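Enquirer: Have a look at the structure that comes next, please.
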């Protein structure tokens, strides 16, 4: 058993499915943030099941996270130039 306070991280695979709560814990953000992102068509891709529940697939989470990566040269792929 890991020492208290240590997090156990399970690798994401294409067949991993996370709930909103599980993803919020993984990203350390509120569940409301994920809900807001869904309403704004932002964030990781997700499935809405017939029962209305939402699931995030591991490969979709990984792809989305890769798009959030800030390069070590300090640029962000979606960074906008400031208009003077």
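The values are calculated or read from the model by the stated rules, or taken from the named source; none is laboratory data. Note that the structure is a prediction, hence the values are computed from the model and not measured. Note that each Cβ is placed from the backbone with ideal geometry, even for glycine, and that neighbours are counted across all protein chains shown.
Residue-by-condition table, conditions (1) modelled with pLDDT under 95; (2) in contact with a helix residue (DSSP H, G or I) (Cβ under 8 Å, 6 or more places away or on another chain):
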| site | (1), (2) |
| --- | --- |
| 8 | yes, no |
| 13 | yes, yes |
| 24 | no, yes |
| 39 | no, no |
| 43 | no, yes |
| 48 | no, no |
| 58 | yes, no |
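Enquirer: Give segment 26-37 a look and list any residue that's modelled with pLDDT of 95 or more and in contact with a strand residue (DSSP E or B) (Cβ under 9 Å, 6 or more places away or on another chain), or say none.
Expert: Those that are modelled with pLDDT of 95 or more and in contact with a strand residue (DSSP E or B) (Cβ under 9 Å, 6 or more places away or on another chain): 34, 35.
Enquirer: For residue 1, all conditions in the list (1) outside any loop (DSSP other than H, G, I, E, B); (2) at pLDDT below 65 hold save one; what is the number of the exception?
Expert: All conditions pass for residue 1, except number (1).
Enquirer: Restricting attention to segment 39-59, and to residues there that are more than 13 Å from residue 19 (Cβ to Cβ) and touching a residue at least 12 places away in the same chain (Cβ under 8 Å), which single residue is surrounded by the fewest Cβ atoms within 10 Å (Cβ to Cβ)?
Expert: 45
Enquirer: Hey, does segment 60-72 have a residue that's assigned to a loop (DSSP other than H, G, I, E, B), touching a strand residue (DSSP E or B) at 6+ places or on another chain (Cβ under 8 Å), loosely packed, with under 14 Cβ neighbours inside 10 Å and modelled with pLDDT of 90 or more?
Expert: No: zero hits.
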